[in-house]
Amino acid sequence: MGWKSLSRWKRFAAIAVVVASAVGGVGVALASDHQDTPDVELNPEMDMTDLYVFPSPTAGRVVLVMNSWGVLSPAETPTTYFDPNILYQFKIDNDHDGIEDKVIQVTFNGAGANQTVEVRGPVAPPVAGAMGNTVSTAAAVVTGATRASIGSASGMQVYAGPRDDPFFIDLEQFFRIIPDRKPVTGALSQLPDSPTASAWRTPGIDFLTGFNVLSIIIELPVSDLTGSAGANFGVWATISR
């Protein structure tokens, strides 16, 4: 399929999460989301669950991670692939004006075991804005099979495929404070409606242990993302048709 533009498909954004990154460390706007609206429950392939940005173990490099299609069971995982009609974008603001200066665009071809991925960027955004979903005419810098590590150790490395979904939250306690989900029997139903900090179980519980997400993982040189603001830059992500 030609990827000149996705404008003929309905535009749709799942979620955008802002993360501030730097060469020497990472400051994160903590957030995570799983199947939180009717739209994404009906379109799980567009459900962005997490965005991570962190330094690579290799000096001078950074890792970007976008997770989607949350709560995949072990039975679903082998047959669930990225939607080839969706554009996945990492957006980078490197001059602190809140507008993306560069984008990394990820698209997919095919929808089965032979699915391939194409990564373009970092390039100037063809259309600036949260829902700008025109695919760059620049040649892909990394192409290859999904569910495999592709690219180069000195340039961009990419993995696109299923990974375990670590989701640490005391979800039972969280549901207690939502009126229509509070347990009516058992120990949790006996606790006050406004739990104190001590009511949350410690250590945290990996509530989704054994479940998976579809991850897009990109490692590249930090210098590919930085600009006039020096080492500091912002990252957010979008999923759109």
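The values are calculated or read from the model by the stated rules, or taken from the named source; none is laboratory data. Here the structure is a predicted model, which is why all the values come from computation and not from measurement. Neighbour counts are summed over all protein chains in view; Cβ atoms, including those assigned to glycine, are modelled from backbone coordinates with ideal geometry.
Annotations for the structure displayed:
- Among residues of region 45-56 that are farther than 28 Å from residue 111 by Cβ, those with a Cβ under 8 angstrom from a residue that is among the small types (Gly, Ala, Ser) and in a strand (DSSP E or B), sequence gap 6+ or separate chain, pair up as 53/21; 54/21; 55/25.
- Residues that are among the small types (Gly, Ala, Ser) and modelled with pLDDT of 95 or more were ranked within region 208-226; the one that is surrounded by the most Cβ atoms within 10 Å (Cβ to Cβ) is 215.
- Checking the stated criteria, residue 113 turns out not to satisfy the condition of being farther than 30 Å from residue 77 by Cα, surrounded by fewer than 14 Cβ atoms within 10 Å (Cβ to Cβ) and in the same structural domain as residue 159 (by TED's automatic domain parsing).
- Any hit, region 183-193, residues being at pLDDT below 95, touching a Phe, Trp or Tyr at 6+ places or on another chain (Cβ under 8 Å) and over 22 Å from residue 65 (Cβ atoms): yes
- Elements of type strands (runs of 3 or more DSSP E) in region 10-97, at least 2 residues being polar (S, T, N, Q), surrounded by 15 or more Cβ atoms within 10 Å (Cβ to Cβ) and modelled with pLDDT of 85 or more: 61-72
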